[in-house]
Amino acid sequence: MDVLREFEQHNPRALARAISRAEAGRGGELVRALYAKAGRATTVGLTGPPGVGKSTLASALVRDARARGKRVGVVSVDPSSPFSHGALLGDRIRLAEHFTDDAVFIRSMASRGHLGGLAGATADAVLLMDAFGFDLVLIETVGVGQSEVAIAELAQTTIVALQPGSGDSIQVLKAGIMEIADIFVVNKADHPMADQLRREIRSMMEMQHWSGWVPELVATQALEGKGIDELVAAIERHALYLNETGELERRRRDAFTHQVRQLALGRMERRLDRALEAQPRNGLDPYEAADRIVTELGLDG
Ligand SMILES: Nc1nc2c(ncn2[C@@H]2O[C@H](COP(=O)(O)OP(=O)(O)OP(=O)(O)O)[C@@H](O)[C@H]2O)c(=O)[nH]1
Ligand SMILES: [Mg+2]
């Protein structure tokens with residue numbers, strides 16, 4: 001396999017091609033070959049509503065990591081966009097300063113034609129970046145819906161970024177995002193409503209019962225690079241917590257099980273659809289039809 005050989009020779013174009021295969025739902029062979037090489041990278045998810053400053057934050061985190069000599073991969077995922085290029089122009093501008101840095105690899109992904117689902121393709125992309133040798137992999141996702149939650153869960157540490165004065169902060173917190181945040185970032189801290197948003201998040205947090213890690217709250221001005229040291233320190237504290245409590249292993253196991261489940265489910269669904277198409281089983285009652293098809297496919301028991 002050419003891509004694999006070039007990948008192992010550290011050719012970034014081979015990484016790009018490998019991710020394209022994953023996007024087309026054909027990443028299986030490469031993931032199999034490279035799986036044993038993955039598991040070293042620190043993975044950090046960055047999620048939040050459009051325009052909150054995720055890409056600017058990602059860029060600041062990349063700058064920080066580069067200053068420490070770390071190699072960084074960035075995956076920008078936009079589940080609402082059918083295009084993986086162009087639509088993420090904002091990301092490209094925000095991250096442009098890193099384009100000529102060989103130790104930084106930036107990739108955009110969107111929802112178009114992902115056979116195994118966008119979350120699955122993203123999981124493959126993260127694994128491929130990890131196996132390629134990046135120390136840090138950042139996963140940026142827009143929005144606050146279910147697919148974004150699934151994508152955020154690929155990361156060891158999930159940062160939820162919110163912006164002052166947007167009015168959607170409470171909506172965001174209600175939408176199940178509270179549960180996935182390891183760190184809250186109030187970006188655009190230069191905004192007059194920033195303190196109010198911090199208070200809102202604090203009081204939302206007080207209403208929750210926490211066991212284990214309690215999310216940290218960090219204020220940043222990503223454009224100016226302010227608060228980035230504090231954010232990096234919070235990420236490091238969370239990493240330490242994950243390691244010391246065994247939570248990292250638990251998260252990895254859960255993510256693994258989840259991915260196996262999704263892959264197996266996808267294959268079973270395709271078999272089921274083929275069987276139903278071949279023989280619609282009209283005339284039976286739906287329960288009887290389901291019983292028979294499950295038995296025929298050897299899935300009962
Ligand atoms: N005032 C202020 N503006 C900021 C700050 N950080 C980012 N911005 C601006 O906010 C806008 C959106 O920033 P992005 O980084 O593209 O936000 P994003 O969340 O990645 O946006 P999408 O990927 O489109 O969802 C840009 O115009 C940034 O320059 C900040 O700390 N203060
Ligand atoms: Mg962005």
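Against the condition closer than 26 Å to A161 by Cα and in a helix (DSSP H, G or I), how does R271 come out, does it pass?
On the way: closer than 26 Å to A161 by Cα: no; in a helix (DSSP H, G or I): yes.
It is false that R271 is closer than 26 Å to A161 by Cα and in a helix (DSSP H, G or I).
Scan the helices (runs of 4 or more DSSP H) fully inside segment 1-70 and keep the ones with 2 or more residues being acidic (D, E) and within 22 Å of A103 (Cβ to Cβ). Don't jump to the end; show me each part of the working.
Numbers: elements: 2-8, 12-23, 28-34, 54-67.
In segment 1-70, 2-8 are the helices (runs of 4 or more DSSP H) which contain 2 or more residues that are acidic (D, E) and within 22 Å of A103 (Cβ to Cβ).
Output the number of the condition that G212 fails; it satisfies all remaining conditions of (1) surrounded by 12 or more Cβ atoms within 10 Å (Cβ to Cβ); (2) not in a helix (DSSP H, G or I).
Failing condition for G212: (1).
What residue, of L34, L57, L61, is at pLDDT 95 or above and more than 16 Å from ligand 2 (Cβ to nearest atom)?
Details: L57 fails: more than 16 Å from ligand 2 (Cβ to nearest atom); L61 fails: more than 16 Å from ligand 2 (Cβ to nearest atom).
After ruling out the rest, the residue left standing is L34.
If I ask for residues that are surrounded by fewer than 20 Cβ atoms within 10 Å (Cβ to Cβ) and modelled with pLDDT under 75, which ones from segment 126-148 would you list?
Kept after step one, since they are surrounded by fewer than 20 Cβ atoms within 10 Å (Cβ to Cβ), are these residues of segment 126-148: 133, 135, 145-147.
Hits for segment 126-148 are G145, Q146, S147.
Can you name every residue in segment 41-72 that is more than 16 Å from ligand 1 (Cβ to nearest atom) and either without any contact (Cβ under 8 Å) to a residue 24 or more places away in the chain or touching a Gly at 6+ places or on another chain (Cβ under 8 Å) (or both)?
Across segment 41-72, the qualifying residues are A41, A67, R68, G69, R71.
Residue-wise test of (1) in the same structural domain as A233 (by TED's automatic domain parsing); (2) within 21 Å of the chain's Cα centre (by Cα); (3) among the hydrophobic types (A, V, I, L, M, F, W, C); (4) closer than 21 Å to S108 by Cβ.
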site: F7; (1), (2), (3), (4): yes, no, yes, yes
site: N11; (1), (2), (3), (4): yes, no, no, yes
site: A14; (1), (2), (3), (4): yes, no, yes, yes
site: R17; (1), (2), (3), (4): yes, yes, no, yes
site: E23; (1), (2), (3), (4): yes, yes, no, yes
site: G51; (1), (2), (3), (4): yes, yes, no, yes
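Is it the case, given these coordinates, that K37 is over 18 Å from the mean Cα position of the chain (by Cα) and closer than 30 Å to I183 by Cα? Steps first, answer last, please.
On the way: over 18 Å from the mean Cα position of the chain (by Cα): yes; closer than 30 Å to I183 by Cα: yes.
Spelling it out, K37 is indeed over 18 Å from the mean Cα position of the chain (by Cα) and closer than 30 Å to I183 by Cα.
Tally the residues that are basic (K, R), surrounded by 12 or more Cβ atoms within 10 Å (Cβ to Cβ) and within 18 Å of E153 (Cβ to Cβ), restricting the search to segment 230-252.
Qualifying residue count for the region: 2.
The values are calculated or read from the model by the stated rules, or taken from the named source; none is laboratory data. These numbers come from a predicted model, not from an experiment. Cβ: placed from backbone, ideal geometry, glycine included. Neighbour counts: every protein chain shown.
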